Amino acid sequence: MSLLLDLIFPRSCYSCHRPGRYLCLHCQSELVVRSIRPPQRLPLFRYHGPIKAMIHDLKFSFISDLVPEFALLISRTLKTKFPHLLEYWQEENFIIVPIPLHPYRQNWRGFNQSELILKELAPLINLKYQNLLIRSKNTLPQTQIKDKALRHTNISSAFCAIGHNYKNIILFDDVYTTGSTTKSAISCFPKDTNIWILTIA
Ligand SMILES: [Zn+2]
């Protein structure tokens with residue numbers, strides 16, 4: 001399928017438009033890698049330029065071929081820029097967990113992009129992947145709610161955790177926006193759970 005698509009729509013770099021892949025190695029090396037935010041949050045890249053366009057196309061244009069591209073990019077960035085953090089996650093047996101979409105949205109979109117990326121990413125970085133969260137309310141997409149307070153109401157208690165026996169967890173999402181989605185996900189776990197947040201942007 002991928003080969004066929006390559007013939008119909010030849011891949012080219014989202015940044016320099018050179019043919020070959022979605023983000024050529026040169027443009028990958030030009031990406032500004034961000035730093036860890038307190039308390040334990042790592043947004044890897046700025047949400048702009050090729051990263052923004054790739055995330056948008058993955059979500060809304062169903063270009064699922066972007067999934068392995070993102071998995072490789074995240075894995076390479078963690079290994080080269082955050083080797084000690086990655087080692088710590090591996091040694092302490094962190095479980096990496098996608099922040100889910102509501103079933104309604106998942107159905108409409110066809111897939112949860114965070115989950116698809118994680119399935120490919122987890123083995124590349126030697127971490128165990130598990131679905132521990134389900135959405136409990138039919139919340140509106142965050143981008144459709146302009147008011148900040150309403151946005152929080154919309155997302156609070158939106159998730160339920162399926163398992164409580166995990167001490168070390170990394171929550172993964174594509175984009176960290178207001179943080180209310182993440183806060184809601186965090187609130188599902190016992191207070192003493194050691195939680196890291198990893199997002200593409
Ligand atoms: Zn390029």
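The values are calculated or read from the model by the stated rules, or taken from the named source; none is laboratory data. Not measured: the values here are computed from a predicted model. When the accessible area is computed, the model is the full protein with side chains, heavy atoms only, and any ligands, DNA or RNA have been set aside. Shrake-Rupley method; radii C 1.70, N 1.55, O 1.52, S 1.80 Å.
Largest accessible area first, the listed residues Tyr129, Tyr88 line up as Tyr88, Tyr129 when surface is computed with a 1.4 Å probe on the assembled protein chains. Spatial offset of the stretch 166-195 relative to the stretch 80-99 amounts to 15 Å, using the alpha carbon center of each. Potential lengthening of the chain between Asp57 and Thr177 amounts to 41.4 nm, from the contour at 0.36 nm per residue minus the alpha-carbon distance. Close amide H partners of Phe159, meaning residues 5 or more places away or on another chain with modelled amide H under 5 Å apart, are Ser136. In order along the stretch 121-132, phi translates into HN-Hα couplings of 6, 3, x, 5, 10, 6, 10, 7, 9, 8, 8, 10 Hz, rounded to whole numbers, per the Karplus curve 6.51 cos²θ - 1.76 cosθ + 1.60 with θ = phi - 60° and x for Gly and Pro.
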